1. State whether one or more residues within region F:9-24 are closer than 23 Å to F:Ile164 by Cβ and under 17 Å from the mean Cα position of the chain (by Cα).
2. At pLDDT 95 or above, at negative phi, more than 7 Å from chain F (Cβ to nearest Cβ) and crowded, with 24+ Cβ neighbours inside 10 Å, is that true of E:Gln32?
3. Is at least one residue of region C:138-146 among the aromatic types (Phe, Trp, Tyr), touching a residue at least 40 places away in the same chain (Cβ under 8 Å) and open to solvent by less than 20 Å² (accessible area, probe 1.4 Å)?
4. What number of residues in region B:216-246 are within 16 Å of the chain's Cα centre (by Cα), within 14 Å of another protein chain (Cβ to nearest Cβ) and either open to solvent by less than 10 Å² (accessible area, probe 1.4 Å) or among the basic types (Lys, Arg) (or both)?
5. Given the structure, is D:Ala171 in a helix (DSSP H, G or I), small (Gly, Ala, Ser), in contact with a strand residue (DSSP E or B) (Cβ under 6 Å, 6 or more places away or on another chain) and within 22 Å of D:Ala29 (Cα to Cα)?
6. Any residue that is assigned to a helix (DSSP H, G or I), hydroxyl-bearing (Ser, Thr, Tyr) and at pLDDT 95 or above - is there at least one of those in region A:230-240?
7. Just give me the residues in region E:141-154 being under 26 Å from E:Tyr67 (Cβ atoms) and not in a helix (DSSP H, G or I), in sequence order.
There are 6 protein chains.
Amino acid sequence: MIELATSSWTDVQEHVAAGGTLAILPFGALEQHGPHLPLSTDTLQADGLARRLAARFDAILMPPVPYGQTWDNAGFPGTVSLSAATTTAVCLDLVRAVTGFGITTTVIVNGDYGNRLPLHSAAQQLATESVDVIVLDYPGLIEAGDEVKETPWAAPGLCHADEIETSLVMALAPGTVRSDRMAASYPELPADFGMRPLRFDTLSPSGVFGDPRPATADKGQRLLMLLEQHSAAAVQRHLDALGGAVHPSASAPDLS
Amino acid sequence: MIELATSSWTDVQEHVAAGGTLAILPFGALEQHGPHLPLSTDTLQADGLARRLAARFDAILMPPVPYGQTWDNAGFPGTVSLSAATTTAVCLDLVRAVTGFGITTTVIVNGDYGNRLPLHSAAQQLATESVDVIVLDYPGLIEAGDEVKETPWAAPGLCHADEIETSLVMALAPGTVRSDRMAASYPELPADFGMRPLRFDTLSPSGVFGDPRPATADKGQRLLMLLEQHSAAAVQRHLDALGGAVHPSASAPDLS
Amino acid sequence: MIELATSSWTDVQEHVAAGGTLAILPFGALEQHGPHLPLSTDTLQADGLARRLAARFDAILMPPVPYGQTWDNAGFPGTVSLSAATTTAVCLDLVRAVTGFGITTTVIVNGDYGNRLPLHSAAQQLATESVDVIVLDYPGLIEAGDEVKETPWAAPGLCHADEIETSLVMALAPGTVRSDRMAASYPELPADFGMRPLRFDTLSPSGVFGDPRPATADKGQRLLMLLEQHSAAAVQRHLDALGGAVHPSASAPDLS
Amino acid sequence: MIELATSSWTDVQEHVAAGGTLAILPFGALEQHGPHLPLSTDTLQADGLARRLAARFDAILMPPVPYGQTWDNAGFPGTVSLSAATTTAVCLDLVRAVTGFGITTTVIVNGDYGNRLPLHSAAQQLATESVDVIVLDYPGLIEAGDEVKETPWAAPGLCHADEIETSLVMALAPGTVRSDRMAASYPELPADFGMRPLRFDTLSPSGVFGDPRPATADKGQRLLMLLEQHSAAAVQRHLDALGGAVHPSASAPDLS
Amino acid sequence: MIELATSSWTDVQEHVAAGGTLAILPFGALEQHGPHLPLSTDTLQADGLARRLAARFDAILMPPVPYGQTWDNAGFPGTVSLSAATTTAVCLDLVRAVTGFGITTTVIVNGDYGNRLPLHSAAQQLATESVDVIVLDYPGLIEAGDEVKETPWAAPGLCHADEIETSLVMALAPGTVRSDRMAASYPELPADFGMRPLRFDTLSPSGVFGDPRPATADKGQRLLMLLEQHSAAAVQRHLDALGGAVHPSASAPDLS
Amino acid sequence: MIELATSSWTDVQEHVAAGGTLAILPFGALEQHGPHLPLSTDTLQADGLARRLAARFDAILMPPVPYGQTWDNAGFPGTVSLSAATTTAVCLDLVRAVTGFGITTTVIVNGDYGNRLPLHSAAQQLATESVDVIVLDYPGLIEAGDEVKETPWAAPGLCHADEIETSLVMALAPGTVRSDRMAASYPELPADFGMRPLRFDTLSPSGVFGDPRPATADKGQRLLMLLEQHSAAAVQRHLDALGGAVHPSASAPDLS
């Protein structure tokens, strides 16, 4: 594994010359996550997972994009959203750029629900250019959440500043969690929740959807491990389908 | 001062309610800086300077944008460039977004030469929308460099992976500097250098323009202080011209 | 219910004056569906379902858009695809236009998998304009398929020119089905199927994914009824969430 | 002749393999045509004419585009207009797509005045890509109208919901004409009519420009035949200029 | 009349304060006009006509745009074409700008066939913004040509570097005409001439379409007078239709 | 030297066949320059300088673009500004077009401060297309001004309708200068002048920044000569860097 932010260009040249063809791009957001979690929660999570995948596949880890499309949370001060078009453009530029120096597959670890459409649109465009990219939207999140969390979901698959996300940040950046401000919030959701874009500030005054209180760093570590397993399996399936040229590094931790 | 990445939305709300109207946005790049400096050099420097300015003006510090327009270095593996149009779009979206929750002035600390045109284009567009933004391109850099560095410039005002940048990274992220790989490089520049876009890989095989060897962390600290003084003075002039509503916080270090 | 294609502008004026605020827009595609089904299969199905919903909700039925984004099938002669950007633009223009004469909610009945990203992108954009639109991607299709079909799915949720689609076209436009050309095809799918855009011609030479042979018009009718029930329930949930101003017409068929 | 909507991809493959290189694309609109004609009048007419041309030249008939640029009629409820830019984009995508499977000439049968600029703009763009396309705006309409109609024109060459259009729809879709609502309307036109875009609702409250009352289906058939002759002659001239590779099918009706 | 190029801003302020609301914008091109005419022929003609109209209506004369869309002549060295999109953008910007200081009607005198689509597209867009603009494409040219010229047209309405254009340039910029290089050229035109964009260099090696030899400056003056009459009548009809607020200046030459 | 506006295409063909590969494009603006100077001041100056450079380098002189980006002066009637995007688009189209007939280097003589960003953006884009272009923003202006003018600068490097510009227009188009309206104006500039876009009408009611009164045509000639020397040296440096294929014509005036 090689981390672009801290490496020199000669390090990258060497890595590619040695056969490295896989890049991992964490795509985050800067959006509200309740009074107790930092605005960079999505970026921290995407970067945390991407880092584990990069280690496992001996891949190039790109710096996380710290802003994303997060219109749904724009009603909260501190949320700073890119437009959907800009999000797509950033993704296109970055993937095309790494393709330029020898990367043949880019795995995007998406940390923000609002990025889904713009990132998959970019992937669709890149497919027409024969550039290989897959977008991971936390595969296995529901199973992992069901396994680890003790509190109910605010809605099936919806976790925002809840026990899951709070546990993850406790594991990844404990200093940014304000435990004294945690409070549960189970907003009544409209009957058509999930069928259309909604402003979260009209649903939950605190920005919380769930109950963060039982969160722990241990749960966060366990969630990260499960998410890594699901994501790594998806990446492996993809690489296998392409012809299997890339394999997990021997030094990757055993998941069994 | 408040850092968006580690703050919650309620922290931001409070800061703005207390009169905070100034945001600082460091805009970096991911580009080659020789074999001895990390690809994130420009981002580290922009963030380092922005952080000092945010402290001094009790402003909101935004997460640094870790990618920029860096076509001139695209010939080196590891450089990952946004297009000029995307760079402008990112800047427009971010400034408009903070304007949405009460920021009235945004100071962009630009860390990359290639970002100049796209960021100033964004500023020009924002002016037509009556949104107040200024872009700082390291004001006072030449004076500061002349004062601190011992080795000659590769060209007037040109420093890339040289004594200045190496000293700055030594001060900001010492673990990323590979002193064993330092070597001077004073490429012969074409007669029209600075008059047109040039690919750096055609000029300097190592990507270095200058002599990094006498760099020290102390020099880096001194440079940062000087750059901060020049930048703070520019920001203050701007705020004064607007009507002087924002003042340095009492707790800012004395520069005299 | 009122059908735009066959109505005059005065008919529309009357309908809106009488309180009509709901429009249904079927969005189809022109893409290969094996040797036995017509290229307009997706349009026929979207229009068939939209027509039933319009009747049930006494809504305005818009002419179906007969072209969509169908890059995945572009390798087959006869497939005629819009780009994703154009698909989004068409959707934006049409919804904005009906909003202009009094429609407050538009339900898009999407008949083509490739339209999903562009149509949901349009919906996201429209949300930022406070224009109310929902996109239905055959909710309940898997349940309905499981209930009606006798042959296995080519993959979970994947039906293309198979028993389901063939039954639907038999019910909607029987003259266009060439029963003598039906043949089953269960292509081996790559391990990462569904994770990235794929060209269907590289997977199935005939363009069929499943077994069309047991299809019947009766099954098609049954499928339509089930799809209508699921879709109507989704629309009703949406209308309820908005405040319940629109109700099914008294003459709608009983679903119980 | 082969109709895309009802054909399978294998039918198209066969047609192209047998030398078919000509496609006909009817481009319609959804716009007001008085109280007695359907909103799809332009689409019906373009499709009707395109169908005859496809038969005559043994060409591929594409599904009609049911929406067009019709800003001038946007003041009437039921009119649903695409923007000029979207109209151009749709045309570009469709022509490029059929070019992709072997079509070398596309004839666009334009049914809507407002589509002229956007479609000819598309043709101009396609010319720079060496893609062959011609746009027919009802060549011979004035001569045909002069020959058949009994009532005066609302203005030279202007027919909208008048005797001509009503006769055509009577011939093409008789069930959609509401004879009981017919009324003549000869609005006073501004001195600069035709020199600038005008909103029709400011000129004619009913949306009629002419006198529909003497319309008959027979006149419609006669008009269609005349329009077909003029259009076929234009297409033939174009094909001759290209080298004459395509000829009318032997089974085409004799025009003499 | 006031000419923007040579006036100061205070002159314009005065003119508008005195009731001036009409601007005339000549839109030219830089394209080949045979070996004997200058590349700026279209600009000279548009400016010449615009100047006369400005005098007649006491209007503001804008500097001529010296480049236009002229793809058809791009095969000749010296032709410098704007794209259609840029041509439209220039027109939109200029008309919006003069609207900003009080102009209520802009008359565009178009000197280049290739500008028609882009300029009328701009006018259509401006109509949706309620900005009043008309585009004049030499109304009355055929009548004027029939009256003055002695040589036949290369095709009905087609004059390019022929007797008409040569006479006009002789009247407007005699020093730029090279009489020693004049030669007639009546290229055989394809059967579909006028139905699609064509590259002129494939039709006429010299770039001439007609016979320039009998051209005289007197004929040019006569043509200009006739074109002015037709154009002035069109402008007057337009102004009358708007409500007649603008009238010819008393000092305009008598055309009768 | 050859001037495109007055030459025929065959003249251009000959010039290029004889080895001409250099084009000079003056890019002006239409913006206020006080009550005493014409709105076309920037265009006159850019054209004047470009003409001298074309003579000196035996280059192709293109017609000046008479409109530019001049948002800062949009508050004065008569200023007619292109948007930044349009300015960039015009530049891209023109340079690409001359590249199409054999020009290998284009020198843009920029006459308007507001054009800088859009023109340099175009140059950056053209560099990615390997098209060679340089933009000259009056190199040596400050030195030349210091040498010639008697009155102080309104700000370092700022001259607008002052002694310098007035002298230049006196030399280039004396008939357009209204000496009776000259008045000095030294507006108080905000502390951050030059750091952000500013509307000039908020600073100087007359639009003058400096003192035009001591201006003379002789000073204008002297300034032109100095600007030509500085610009020619810059062009020569650029040509030398490219390989020195182009040399000053023998007939160029001696600068020593």
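The values are calculated or read from the model by the stated rules, or taken from the named source; none is laboratory data. Since this is a predicted model, take the numbers as computed values, not measurements. All Cβ positions, even for glycine, are placed from backbone atoms using ideal geometry, and neighbour counts span all protein chains on display. Ligands, DNA and RNA are stripped out before the accessible areas are found, and what is left, the full protein with its side chains, is counted by its heavy atoms. Shrake-Rupley method; radii C 1.70, N 1.55, O 1.52, S 1.80 Å.
1. Of all residues in region F:9-24, those closer than 23 Å to F:Ile164 by Cβ come to F:24.
Remaining after also requiring under 17 Å from the mean Cα position of the chain (by Cα): F:24.
Scanning region F:9-24 turns up at least one residue that is closer than 23 Å to F:Ile164 by Cβ and under 17 Å from the mean Cα position of the chain (by Cα).
2. So E:Gln32 fails the test.
3. no
4. Residues flagged as within 16 Å of the chain's Cα centre (by Cα), within 14 Å of another protein chain (Cβ to nearest Cβ) and either open to solvent by less than 10 Å² (accessible area, probe 1.4 Å) or among the basic types (Lys, Arg) (or both) within region B:216-246 amount to 4.
5. No: the conditions fail for D:Ala171.
6. Kept after step one, since they are assigned to a helix (DSSP H, G or I), are these residues of region A:230-240: A:230-240.
After this cut, where a residue has to be hydroxyl-bearing (Ser, Thr, Tyr) as well, the list is A:231.
Narrowing the set further to residues that are at pLDDT 95 or above leaves A:231.
Looking for residues that are assigned to a helix (DSSP H, G or I), hydroxyl-bearing (Ser, Thr, Tyr) and at pLDDT 95 or above, one finds at least one in region A:230-240, hence yes.
7. E:Ala154
Rundown of residues vs (1) surrounded by 24 or more Cβ atoms within 10 Å (Cβ to Cβ); (2) at the interface with chain A (Cβ under 7 Å from one of its Cβ atoms); (3) of a type in the set (S, T, N, Q), yes/no style:
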| residue | (1), (2), (3) |
| --- | --- |
| B:Pro38 | yes, yes, no |
| B:Thr41 | yes, no, yes |
| B:Ala55 | no, no, no |
| B:Ile60 | yes, no, no |
| B:Pro64 | yes, no, no |
| B:Leu82 | yes, yes, no |
| B:Ala89 | no, yes, no |
| B:Thr104 | no, no, yes |
| B:Val107 | yes, no, no |
